[in-house]
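The values are calculated or read from the model by the stated rules, or taken from the named source; none is laboratory data. Not measured: the values here are computed from a predicted model. With ideal geometry, Cβ positions are generated from the backbone for all residues, glycine too; neighbour counts draw on all protein chains shown. Heavy atoms of the whole protein, side chains included, go into the accessibility calculation; ligands, DNA and RNA do not. Shrake-Rupley method; radii C 1.70, N 1.55, O 1.52, S 1.80 Å.
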Amino acid sequence: MTTQTITIAPLQDEADAVAFRTLNEAWITEHFALEDADRAVLADPQRAIVDQGGTVLIAHAGEQRVGCVALLRVGDGLAELVKMSVAPEARGSGIGRMLMTAAIDHAREQGLTKLMLESNRSLTPAVRLYESVGFRHVPASAHAPTPYSRADVFMDLDLV
């Protein structure tokens, strides 16, 4: 996996949407259970994210889709980083960091001033990645009420 060039591009077609759903369903069901909010976003990322002013980024290794992340617009200058996943066979190869960097760069290009995210403390590699790129822990009360029962880590990243 690491010998192939990784490219990251916005959601382009139905195959990307299927990969977005499949990659996310895999990690969520491995650690937790799918919730209604997951199903709503994963069923139609074009409608739920892109048409609302957000972005879905897909990591490609050749023709294979090996990772994804999305920016869900939640306010003026504000987006939530959601649904980040890397295929099990590609984990540990830096794709997560590449996706994170691409998402932050894209957010800045779009004029966003802040990113937020919700995670779970059991997802230690993910939380460490978020910390390493500058996300800081905030209390749950700093975010709108979460639709996810699994969320127990809340983080923000100021982009300006």
* **For the chain, accessible area per residue (1.4 Å probe, heavy atoms of protein chains only), Å²** => 49 Å²
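Given R₀ = 25 Å, what would the calculated FRET efficiency be for Thr101 paired with Gln12, taking r from the Cβ atoms and rounding to 0.05?
On the way: r = 20 Å, r/R0 = 0.80.
The calculated FRET efficiency here is 0.80.
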* To do: Measure out, as a whole number of angstrom, how far apart the alpha-carbon centroids of segment 40-63 and segment 92-106 sit.
  => 16 Å
* Structure fact -> The equivalent-ellipsoid semi-axes of the chain, taken as the square roots of five times the Cα gyration tensor eigenvalues and listed largest first in whole Å, are 22, 17, 17
* Are there chymotrypsin sites (Phe, Trp or Tyr not before Pro) in segment 1-57 that DSSP puts in a loop and that have at most 16 other Cβ atoms within 10 Å, and which ones? -> Phe32
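Rounded to the nearest 0.05, what FRET efficiency do Arg47 and Glu25 give with R0 = 22 Å and r taken as the Cβ-Cβ distance? Could you check? Numbers along the way, then the final one.
Values: r = 18 Å, r/R0 = 0.80.
With a Förster radius of 22 Å, E is 0.80.
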* Structure fact -> Among GluC sites (Glu not before Pro) in segment 51-107, those in a DSSP loop whose Cβ has at most 13 other Cβ atoms within 10 Å are Glu63
* Once the whole set of protein chains is in place, how much accessible area is left on Leu71, using a 1.4 Å probe, in Å² to the nearest 10? -> 10 Å²
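Quick check on the chain: helices-only [θ] at 222 nm, where DSSP H runs of length 4 and up contribute -39,500 (n - 2.57) each and the sum goes over total residues. Nearest 500, please. Write out the running numbers ahead of the final one.
Details: 5 runs with 54 residues, N = 160.
It comes out at -10000 deg cm²/dmol, rounded to the nearest 500.
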* Asked: Counting only protein heavy atoms, what percent of the accessible surface of the chain is carbon or sulfur at a 1.4 Å probe?
  -> 51 percent
* Asked: If the chain between Ala33 and Arg91 were fully stretched, how many nm would it gain, using 0.36 nm times the residue separation less the Cα-Cα distance?
  -> 18.8 nm
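At a Förster radius of 25 Å, what calculated FRET efficiency corresponds to the Cβ-Cβ distance of Leu78 and Thr5, to the nearest 0.05?
Working: r = 33 Å, r/R0 = 1.31.
Between Leu78 and Thr5 the formula returns 0.15.
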* Once the piece of chain linking Lys114 and Asp152 is laid out straight, how much longer is it, given 0.36 nm per residue of separation minus the C-alpha distance between them? -> 11.7 nm
